[in-house]
Amino acid sequence: MQITDLRRDTTTRPDDKMKAAAFEASLGDSVYGEDEEQNQLEARAAEILGKEAAIFLPSGTMGNLVALLTHTGRAAEIILEQNAHIRTSETGSAAAVGGLMLKGVSAPSGAPSAEDVATAIRADDIHYPRTSLICLETPHYRYGGIVPTLDSFRAVRKVADDHRLPIHLDGARIWNAAVSLSVEPAVIAGYADSVMASLSKGLGAPVGSILAGSERFMGVARRFRKMLGGGMRQTGWLCACGIAALAAENMEQIREDHRNARALAEGIEDIPGLKIDLSRTQTNFVLAHLEEAEMSSGRLVARLWEKGILATQAGPSTVRFVTCSVVDREGIGRAVEAIRAVMEA
Ligand SMILES: *Cc1c(COP(=O)(O)O)cnc(C)c1O
């Protein structure tokens, strides 16, 4: 049976070019700054994200945690959207490792409003934790990859500046946000003091994320990366893949991933029993909502698996489909057909 894997965009494998680059890597001890590919990757990523410096880390989760630790101190409070990845999907690391408090603000549009952020900022009072950081996320993972507007980021930036607060951007898929908004990644990152971006999702690298910011910020961030175990010695193999992942054709693949997600959403749109908000299909995610109680998301996902279509339960009546390079337009066609067949049965 032919498998169409729409579960995640982390199922990508290094392509031949990436593998060749990896085996040609010169390799050195990156902890001492001697891995040429890591140095090259960090310089290139900083340039693309419009920041003075960048560091390579094994994961986005570590990248976000390093950023939080660098921006704050113990018992500080961070304001972020209540369903942000940092708050829901990083194993409570901010609290467990950082001794940090997370204040969630609700914003189905993806970015907290300036008013809500302003209200959430604590007064300077001995009883309160100190508000130390605002986090933004784009695309917003839990809300189906929607991309907050640049206007909304600008408004939060203004509040942050008024209160002299830094902003960290969880831009795991900033590449997808950039494609969706038709701007360079650096334009989006420009609203934040630091930005995390993943190489291991749609761009196809096997491992790794980037944290970018000012040279001074990175001086501290490098210490936290080491503290958390992110000093990885001969990283050249991974970083060569990372450099290849940032190539223009991989950005083109992301464009194609979006077109495929759109085609899937449009295909699902007129299947009875399923509801899709096409206006919220902005990147490589599609959230389909089940309208009838007899069909739960668990049941739909199980039936689709039997037909070789792999998807994810994103809630009791919500199924998530994610596109990446492992699925082409034919696969999308098979998925639409299978979903229709299950729903009509
Ligand atoms: C995947 C993801 C992360 C974490 O990255 P890992 O490399 O999986 O640790 C952080 N934020 C968002 C929005 C993500 O989608």
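The values are calculated or read from the model by the stated rules, or taken from the named source; none is laboratory data. In this text, all values refer to a predicted model and were calculated from it rather than measured experimentally. In this analysis, Cβ positions are derived from the backbone assuming ideal geometry, glycine residues included, and neighbour counts consider all displayed protein chains. Areas reflect the complete protein model, heavy atoms only, side chains present, ligands, DNA and RNA absent. Shrake-Rupley method; radii C 1.70, N 1.55, O 1.52, S 1.80 Å.
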request  = For segment 242-258, take each phi angle, set θ = phi - 60°, evaluate the Karplus expression 6.51 cos²θ - 1.76 cosθ + 1.60, and give the result in whole Hz per residue in order, putting x for glycine and proline.
outcome  = x, 4, 5, 5, 7, 5, 4, 5, 6, 5, 5, 4, 5, 4, 5, 4, 5
log10 of Debye I(q)/I(0), alpha-carbon scatterers only, for segment 282-329 at 0.23 Å⁻¹ = -0.84
key: Cα pair count fraction exceeding 26 Å, expressed as % - the chain   = 50 percent
note = If amide H atoms are modeled at 1.01 Å from N in the peptide plane, then the residues at a separation of 5 or more from T235, or on another chain, having amide H under 5 Å from its own are G28, S30
remark   = Subtracting the Cα-Cα distance of V183 and L278 from 0.36 nm times their residue separation yields 32.1 nm
ask   = Contour minus end-to-end for R44 and E344, with contour as 0.36 nm per residue of separation and end-to-end as the Cα-Cα distance?
value = 103.0 nm
Virtual paramagnetic centre 7 Å along Cα→Cβ of K17, amide N under 14 Å, in segment 175-205 = 203-205
ask   = Taking the Cα-to-Cβ direction at E115 and at W305 and moving 7 Å from each Cα, how far apart do the two end points lie in nm?
value = 4.5 nm
Distance between modelled label sites at H163 and H289, nm, 7 Å Cα→Cβ extension = 3.1 nm
remark   = Residue separation between R233 and R130 times 0.36 nm, minus their alpha-carbon distance, gives in nm 33.4 nm
request  = Please name whichever of Y143, A94, S106 sits farthest to the positive end of the charge dipole of segment 47-155, dipole taken about the Cα centre and charges placed at Cβ: Lys and Arg +1, Asp and Glu -1.
outcome  = A94
task = State in Å² the accessible area per residue of segment 1-95; use a 1.4 Å probe, count heavy atoms of protein chains only, and round to the nearest integer.
result = 46 Å²
note = Any trypsin sites (Lys or Arg not before Pro) in segment 219-308 that lie in a DSSP loop and have at most 16 other Cβ atoms within 10 Å would be R233
key: Efficiency of FRET between A248 and T318 - r from beta-carbon atoms, R0 35 angstrom, step 0.05   = 0.55
task = Mind checking segment 140-212 for trypsin sites (Lys or Arg not before Pro) that DSSP puts in a loop (not H, G, I, E or B) and that have at most 12 other Cβ atoms within 10 Å?
result = R164
